[in-house]
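Engineer: Structure provided below as structure tokens; questions to follow.
The values are calculated or read from the model by the stated rules, or taken from the named source; none is laboratory data. Remember, it's a predicted structure, so these values are computed and weren't measured experimentally. Heads up, the Cβs are rebuilt from the backbone with ideal geometry, glycines too, and the neighbour counts pull from every protein chain shown.
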Amino acid sequence: MNFLDRVLDPPSYGFTRDGKLYVPTHAELWREFFTRLNIFKSRKNWLAAFSWFSALFFAPFLIIFLVHYFTWKLLIVGFIYSMVLLGTHGTVYLHRYGTHHAFTFTNKVWLFFVRHLVIKIIPEEVYIVSHHVHHYISEKPGDPYNVYGGWLYCFLADVNHQAIARDLSLEEYERVAALVTHTGVKGNSYAQYKKWGSICHPGWTILTFALNWAFWAGAFYLIGGWPLVFAIFGWTEIWAIGIRTYNYSGHGGGKDLRREGDDFDRSNLAINQVWPGMVTGEWHNNHHLYPNGIRAGFLPYQWDYAYLFICFYRSIGGIDTWRDHKDQFYATHYEPYLKQKAMEKAQAKTVKS
């Protein structure tokens, strides 16, 4: 059995039935969700509860912004911060660095600045470990946000399917902790893991988030007063909820929406969507094709803010090494495709004449 086959804690309804993906009912999904949020039932539920607390924390800011501070200018500022800056940061830090090691930082100081470059929303552990599993068995039973499970299956996945297993051996725990601690997270000892059921400790995690939120609230207040604070923190809520819907749409909602000449990875249903690609650099089919690269935008129209930031950060000394697969993409996929289409066109012309 591969280590990643057992690194996640299966839900009570299980990932499989008779060797096939089990698609739970909505009632089963919601029951599992609220059970795993119950910190009174088990303190090992703390990370799931905190994950949703950190998402819903920004909801009052959104309401107050809309009621008391709304202006079109602030709406645009909040929109750009949420859709572009938060999204691009997630692609750079959690996705390309945290999960796939597409690049390395020069030292921990450069890492610290990127780690806290925006308002923190998602604990690293929640994202990184499950994302390794997603790539390992994408769209197969055990994929924590398997598109075939349905929209709600994906939306509630961070609570229902993404927690690490609670019965790992010492060796297994050290391996799974190593997937996360390079990001700067202070990992639990094995004894602490057995107590809290997580890699990160609740005390350190809550303190880290609180200091991050306090810093950015203060910075935005100094720049634009309370209206700017409520605008940006409010729009953060929209990203925090919206990101939970991404993998479902990024894999075509379970339908084959891949386009010839654009989506070259045929091993799964991931598609290159214009909106996520243009605002965050997340060209998802390209990413599945070359997950450990510093860019996913290969073609001329595939704008990649995340890649541009990585290039900038390297130019000022923050990044040491990186991996770029653009040349390989063209040589292996795009140029052969163009040659094949040209050949087909010539053959059709010959037959017609």
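Engineer: Mind counting the residues in the range 322-353 that are within 18 Å of ARG266 (Cβ to Cβ) and modelled with pLDDT under 90?
Structural biologist: 0
Engineer: Scan TYR148, TYR153 and give me the residue that is in contact (Cβ under 8 Å) with a residue 12 or more places away in the chain, over 24 Å from PHE57 (Cα atoms), out of contact with any Cys (no Cβ under 7 Å at 6 or more places or on another chain) and assigned to a helix (DSSP H, G or I).
Structural biologist: Testing whether each residue is in contact (Cβ under 8 Å) with a residue 12 or more places away in the chain, over 24 Å from PHE57 (Cα atoms), out of contact with any Cys (no Cβ under 7 Å at 6 or more places or on another chain) and assigned to a helix (DSSP H, G or I) leaves just TYR148.
Engineer: Hand me the list of helices (runs of 4 or more DSSP H) wholly inside the range 43-139 holding 1 or more residues that are within 16 Å of the chain's Cα centre (by Cα) and of a type in the set (Gly, Ala, Ser).
Structural biologist: Of the helices (runs of 4 or more DSSP H) lying wholly inside the range 43-139, those with at least 1 residues that are within 16 Å of the chain's Cα centre (by Cα) and of a type in the set (Gly, Ala, Ser) span 46-56, 124-136.
Engineer: Among the residues in the range 132-151, are any among the aliphatic types (A, V, I, L, M), more than 18 Å from LEU29 (Cα to Cα) and surrounded by 19 or more Cβ atoms within 10 Å (Cβ to Cβ)?
Structural biologist: Checking the range 132-151: at least one residue is among the aliphatic types (A, V, I, L, M), more than 18 Å from LEU29 (Cα to Cα) and surrounded by 19 or more Cβ atoms within 10 Å (Cβ to Cβ).
Engineer: Let me ask you something else. Just the residues that are outside any helix (DSSP H, G or I) and surrounded by 19 or more Cβ atoms within 10 Å (Cβ to Cβ), please, taken from the range 239-268.
Structural biologist: Residues of the range 239-268 outside any helix (DSSP H, G or I): 251, 255-268.
Hits for the range 239-268 are HIS251, ASP263, PHE264, ASP265, ASN268.
Engineer: Separate question: As an exercise: evaluate THR332 against (1) of a type in the set (S, T, N, Q); (2) surrounded by 15 or more Cβ atoms within 10 Å (Cβ to Cβ); (3) without any contact (Cβ under 8 Å) to a residue 40 or more places away in the chain and give the number of the one condition it does not meet.
Structural biologist: (2)
Engineer: Here's a follow-up. Is at least one residue of the range 310-317 aliphatic (A, V, I, L, M), under 14 Å from THR104 (Cα atoms) and either assigned to a helix (DSSP H, G or I) or modelled with pLDDT under 95 (or both)?
Structural biologist: Checked against the condition, which is being aliphatic (A, V, I, L, M), under 14 Å from THR104 (Cα atoms) and either assigned to a helix (DSSP H, G or I) or modelled with pLDDT under 95 (or both), the range 310-317 yields at least one hit.
Engineer: In addition: Scan GLY318, GLY281, GLY277 and give me the residue that is among the small types (Gly, Ala, Ser), without any contact (Cβ under 8 Å) to a residue 40 or more places away in the chain and surrounded by 15 or more Cβ atoms within 10 Å (Cβ to Cβ).
Structural biologist: GLY277
Engineer: Counting only residues that are surrounded by fewer than 19 Cβ atoms within 10 Å (Cβ to Cβ) and without any contact (Cβ under 8 Å) to a residue 60 or more places away in the chain, how many does the range 84-122 have?
Structural biologist: Matching residues across the range 84-122 total 3.
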